[in-house]
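Questions regarding the structure given below will be posed in turn.
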Amino acid sequence: MMSGMIVDKSYQAVTGRKGDIIQQAMGVDYSRYESGSIAFDYEGMMNDTGYTLEDHIRLQRRFNVGNTPIFELHNLTALARKYAAPGKGARIFVKDEASNPAGSFKERRAVASVYHAKKLGYKGVIAATSGNYGAAVASQAAMQGLKCIIVQECYDSHFSGQPEIIEKARKCEALGAEVLQLSVGPELFYEVLMMLEETGYFNASLYSAFGVGGVETLGWELAHQFMERCGRHPDVVVCANAGGGNLTGTARGLQKAGCSAQVVAASVDLKGLSMASDRQFNRKSFTTAHTGFGVPYATDPDHSDVPRSAARPLRYMDRYVTVKQGEVFYITEALAALEGMEKGPAGNTSLAAAFSLAREMDEDQIIVAQETEYTGAGKHIQPQLAFARRNGIQLLFGDPQTEVPGVNIVFPADPGLLQARDADLDHMRASLIRRQATRATGPVTDADIAYLVEETKSSPAFVRKVLASLGL
Ligand SMILES: Cc1ncc(COP(=O)(O)O)c(C=O)c1O
């Protein structure tokens, strides 16, 4: 695309060209949605893709994605009730996304991007991802006949890689993608921008409105399935949360189906571990749906490979809970032992949370955990724990409350010790407001305040209080 020209490929220069590169690589002019102040037109951006919810449903049918089953977990529900007060212990269901062609909900996010890329005449697609999304894009590119490059952070500086990440690289290759494997560091999005410029491929960003719009089918489907099966909507839907697109899309789909279930985010607690640290990169046993992504993306959604992210989870979250690594391993095994079902780590994060939250709810209520992915090879408990042990992590039974990420993994000595813990949502809301307000160049307008209320699902009083604390 840039042949014949001398192009500056320094970090500064490439990231400085981000706006132009993205416009070339997506056909989206993000500047259209800017107000010049804090607010931007989020719904305008979501609606301008040209794909309605009905279009996403139709496309996903065509490319064998979605329409995944729901299952009731009778035995895990009975176990939760043993550890609940009389009359408590909601019915636990899962929505099983592992039956998508490449094994995860991420395919809902890939279908329209790949379709749109082809429609606009791009020869291939590129995606930056540490995992399932790569396989999803590779699968759709194979199905729809486009080339595919996946840029993945795989290794520490000793070329040692997490078993799950290595497995996912292999899966992308098996599905025909070229995988650019990077070591951990800040260069992921820089490499993507450079690849986009060099190849002229489409940016199948995880954070585009094509992608997040595609996840709306998940919430929509779920609401309709419960109406059909139980004659009512669920009370609580637990979403495995990292970059926030899953929760955003699911919640928007639930709303469009008229379902007012409480939307709960769940992440594995990796507090204290830095995602960009070479030493700490391999000291975690979970590669997504953890707080290392969940908290920064919730409080600062726009630090991705697009100027404005379609994933804005604080708009939709009623509650954010964390669970410990040991608790997710425990529920993974309980799911296999009691329900005869093996599912992947990210989804089991939401199941661990649901198992705990069910105990607070009434028996006639319904809680749904999203099982967002398959399991196998590197995602399985055994390779993960062997890798953790090799990296000096202690494995213990006891009270998971005492788990220290990067130091030990504590499996609950008793199922009653499994406990979802509330994250401080107001703290996160204030952090988002602070970040967006301090980036603004002019005075804060009434439209900005209304926008920040929506961004944080809070109130004008809350937004004004945070702004006042900043002297704005
Ligand atoms: C299987 C699975 N579940 C949940 C998530 C979290 O989704 P999001 O990043 O949109 O919050 C991911 C994303 O990496 C995933 O791969």
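The values are calculated or read from the model by the stated rules, or taken from the named source; none is laboratory data. Keep in mind the model is a prediction, meaning the values are calculated, not measured. Cβ placement follows ideal geometry from the backbone for every residue including glycine, while neighbour counts extend to all protein chains displayed.
Among 160, 208, which is touching a residue at least 12 places away in the same chain (Cβ under 8 Å) and over 21 Å from the mean Cα position of the chain (by Cα)?
Details: 208 fails: over 21 Å from the mean Cα position of the chain (by Cα).
Sole residue among the options that is touching a residue at least 12 places away in the same chain (Cβ under 8 Å) and over 21 Å from the mean Cα position of the chain (by Cα): 160.
Which residues, taken from region 225-246, are more than 15 Å from the ligand (Cβ to nearest atom) and not β-branched (Val, Ile, Thr)?
As a first pass, look at region 225-246 and keep what is more than 15 Å from the ligand (Cβ to nearest atom): 225-236.
Scanning region 225-246 gives 225, 226, 227, 228, 229, 230, 231, 232, 233, 234, 235.
Could you tell me how many of the residues in region 344-359 are in a loop (DSSP other than H, G, I, E, B) and either more than 16 Å from the ligand (Cβ to nearest atom) or surrounded by fewer than 24 Cβ atoms within 10 Å (Cβ to Cβ) (or both)?
The first filter runs over region 344-359 and keeps only residues in a loop (DSSP other than H, G, I, E, B), leaving 344, 359.
When the remaining residues are screened for being either more than 16 Å from the ligand (Cβ to nearest atom) or surrounded by fewer than 24 Cβ atoms within 10 Å (Cβ to Cβ) (or both), the result is 359.
Result for region 344-359: 1.
Sticking with this one: Would you point out which residue out of 206, 218, 222 is of a type outside the set (Gly, Ala, Ser), more than 14 Å from the ligand (Cβ to nearest atom), under 17 Å from residue 60 (Cα atoms) and touching a helix residue (DSSP H, G or I) at 6+ places or on another chain (Cβ under 9 Å)? Steps first, please.
Details: 206 fails: more than 14 Å from the ligand (Cβ to nearest atom); 218 fails: more than 14 Å from the ligand (Cβ to nearest atom).
After ruling out the rest, the residue left standing is 222.
Within region 246-298, how many residues turn out to be in a loop (DSSP other than H, G, I, E, B), out of contact with any Pro (no Cβ under 9 Å at 6 or more places or on another chain) and at pLDDT 95 or above?
Adding up the residues that qualify gives 3.
Taking region 303-334 only, how many residues are in a loop (DSSP other than H, G, I, E, B) and over 14 Å from the mean Cα position of the chain (by Cα)? Break it down stepwise before answering.
Start the filter on region 303-334 by keeping residues that are in a loop (DSSP other than H, G, I, E, B), which leaves 303-312, 316-318, 324.
Then drop every residue that is not over 14 Å from the mean Cα position of the chain (by Cα), which leaves 303, 305-308, 318, 324.
Residues in region 303-334 being in a loop (DSSP other than H, G, I, E, B) and over 14 Å from the mean Cα position of the chain (by Cα): 7 in total.
Next question, about the same structure. For region 361-398, what are the residues that are more than 14 Å from the ligand (Cβ to nearest atom), within 17 Å of residue 268 (Cβ to Cβ) and in contact with a Leu (Cβ under 9 Å, 6 or more places away or on another chain)?
385, 388, 393, 395
Sticking with this structure for a sec: Do you know which residues across region 360-403 are surrounded by fewer than 21 Cβ atoms within 10 Å (Cβ to Cβ) and among the basic types (Lys, Arg)?
Within region 360-403, 389, 390 qualify.
Restricting attention to region 94-122, and to residues there that are within 12 Å of the ligand (Cβ to nearest atom) and among the polar types (S, T, N, Q), which single residue is surrounded by the most Cβ atoms within 10 Å (Cβ to Cβ)?
For region 94-122, the residue satisfying everything is 104.
If you don't mind, there's one more thing I want to ask. Can you report the number of residues in region 96-128 which are more than 18 Å from residue 57 (Cβ to Cβ) and of a type in the set (S, T, N, Q)?
1
Can you say whether residue 67 is surrounded by fewer than 24 Cβ atoms within 10 Å (Cβ to Cβ), more than 30 Å from residue 338 (Cα to Cα) and away from the ligand (no atom under 16 Å from the Cβ), as far as the supplied structure shows? Talk me through it step by step, then tell me what you get.
Numbers: surrounded by fewer than 24 Cβ atoms within 10 Å (Cβ to Cβ): yes; more than 30 Å from residue 338 (Cα to Cα): no; away from the ligand (no atom under 16 Å from the Cβ): yes.
For residue 67, the condition - surrounded by fewer than 24 Cβ atoms within 10 Å (Cβ to Cβ), more than 30 Å from residue 338 (Cα to Cα) and away from the ligand (no atom under 16 Å from the Cβ) - is not met.
Also, I was wondering about something else. Looking at residue 323, is it of a type in the set (A, V, I, L, M) and buried (at least 20 other Cβ atoms within 10 Å of the Cβ)? Can you show your working first?
Values: of a type in the set (A, V, I, L, M): yes; buried (at least 20 other Cβ atoms within 10 Å of the Cβ): yes.
So residue 323 fits the description; yes.
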